[in-house]
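Report on the structure given below.
Any read-out appearing in this document is the output of simple, stated calculations on the displayed coordinates, not a laboratory observation. These numbers come from a predicted model, not from an experiment. No Cβ is skipped: glycine too gets one built from the backbone with ideal geometry, and neighbour counts run over all protein chains shown.
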Amino acid sequence: MAYRYYKPPIRLSRLFVRLGGLWVLVAGVLMMIGFLWLGASYDHGATFQNSAVATEATVVRRDIDRGSGNEWDKHYLFLDFDTSKGREENVRKKVSRSKYREFKRGATVTVYYLEKNPRSFQFSRKAPTNRARWMQVAIAILAPLWLMWLWLAGRNTIDGYLAVRHGPALNGRVSGAKVVGELNKKPFLYRITWWAEDGRRGTSLLTGKIALLKFPKDTEILLFRGKRRDWWADDVGTRNKHAGVPGVPGRSKRI
């Protein structure tokens, strides 16, 4: 059974979002925040290496904050030390499990601190820079992956945008639907599947249950052929000259 309808061509920005572009942009913002943090960490690390003061601290107490499992335990050391200005500091510091095991109660350990904030000390003069280097490695790995993600989303967006405006139009027939998302074991996200008139198989963008009711199996639909795939008119819209072609159930009207 065929239905007729007209739907304005989708905007480039909306198609980009529907193809996952929003998540690409969010990831890009997080990457930028990472770059800013990396720069600040290197500045702080350089200052710490050049200006940190070394002193001897004594472990006066050890403590474990038990979590829900052994992997979630938090380990703390309580240390006493005197600053170069003669001020006594008693600091509770979260440490790794290995560091907790290394320093027993009464042990003496060298710590490094800045005069303006002695309570924020480190066990190594290079500690802040080491964290920044790990962040640098992570960004070096993630940045190319993000650029590839952006390229794929952009390439598919341009393909769909051009297909609905300039690509060949052809008929297709719905063959079913695939569940791609569940909530409390109940499907809520689907992809409509179809066969084009030349036997090429395709799938829609993410859609809801209403689409399943509008487009049951064997419904004729309108497709536009892009360079990389076929695009369904209900996803990307139609052209004026294709008003009144197979599509959405109901009377022919502008939606």
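Return the long-range amide H neighbours of residue 221 (sequence gap of 5 or more, or a different chain), with a cut-off of under 5 Å between placed amide H atoms.
Residues meeting the criterion, in which the H sits 1.01 Å from N, are 172, 173, 174.
Which of the lysines could a cross-linker span from residue 217 if the Cα-Cα distance has to be under 28 Å and same-chain partners fewer than 8 positions apart are dropped?
Within the straight-line limit of under 28 Å, residue 217 reaches these lysines: 7, 178, 185, 186, 209, 227, 241, 253.
Distance between Cα centroids, the stretch 141-185 to the stretch 192-209: provide it in whole Å.
The distance from the Cα centre of the stretch 141-185 to that of the stretch 192-209 comes to 12 Å.
Order by neighbour count: 147, 36, fewest other Cβ atoms within 10 Å first, most last.
Numbers: 147 13, 36 10.
In increasing order of surrounding Cβ atoms, one gets 36, 147.
Is the C-alpha gyration tensor of the stretch 131-192 telling us rounded, prolate or oblate? Criteria: a/c under 1.5 is rounded; beyond that, a/b larger than b/c is prolate, otherwise oblate.
Working: a/c = 5.44, a/b = 1.51, b/c = 3.60.
Oblate.
Could you line up 37, 151 from fewest to most neighbouring Cβ atoms inside 10 Å?
Details: 37 14, 151 11.
Fewest-to-most Cβ neighbours within 10 Å comes out as 151, 37.
Residues with amide H under 5 Å of residue 95's amide H, sequence separation 5 or more or different chain, H placed in the peptide plane at 1.01 Å from N; which?
For residue 95, the qualifying residues are 75, 76, 77.
Can you compute the charge dipole magnitude of the stretch 112-233 about its Cα centre, using +1 on each Lys and Arg Cβ and -1 on each Asp and Glu Cβ, nothing else charged? Give it in debye, rounded to the nearest 20.
In total the dipole reaches around 540 debye.
Which order results if 14, 105 are arranged by neighbouring Cβ count within 10 Å, fewest first?
On the way: 14 14, 105 11.
Fewest to most other Cβ atoms nearby, the residues stand as 105, 14.
Counting alpha carbon pairs within less than 8 Å and at least 6 residues apart, what relative contact order, in whole percent, applies to the stretch 71-202?
Values: 113 pairs, mean separation 14.7, N = 132.
So the answer I get is 11 percent.
Which of rounded, prolate, oblate describes the stretch 134-244, given a ≥ b ≥ c as roots of the alpha-carbon gyration tensor eigenvalues and a/c under 1.5 marking rounded, otherwise prolate only if a/b is larger than b/c? Walk me through the numbers on the way to the answer.
Numbers: a/c = 2.79, a/b = 1.45, b/c = 1.93.
Oblate shape, in that a/c is at least 1.5 and b/c is the bigger or equal ratio.
Just to be sure I understand the model, the point goes 7 Å from the Cα along the line to the Cβ. What's the resulting residue 141 to residue 66 distance in nm?
Distance between label points: 3.5 nm.
Which trypsin sites (Lys or Arg not before Pro) in the stretch 138-223 pass both tests, a DSSP loop state and at most 16 other beta-carbon atoms within 10 Å? Before the final figure, lay out each step's value.
Working: sites: 155, 165, 173, 178, 185, 191, 200, 201, 209, 214, 217; in loops: 185, 200, 217.
Passing both the DSSP loop test and the Cβ count: 185, 200, 217.
Rounded to whole Hz and in sequence order, give me ³J(HN,Hα) for the stretch 30-38 from the Karplus expression 6.51 cos²θ - 1.76 cosθ + 1.60, θ = phi - 60°, writing x for Gly and Pro.
Running phi through 6.51 cos²θ - 1.76 cosθ + 1.60 with θ = phi - 60° gives 5, 5, 5, 4, x, 4, 5, 5, 4 Hz.
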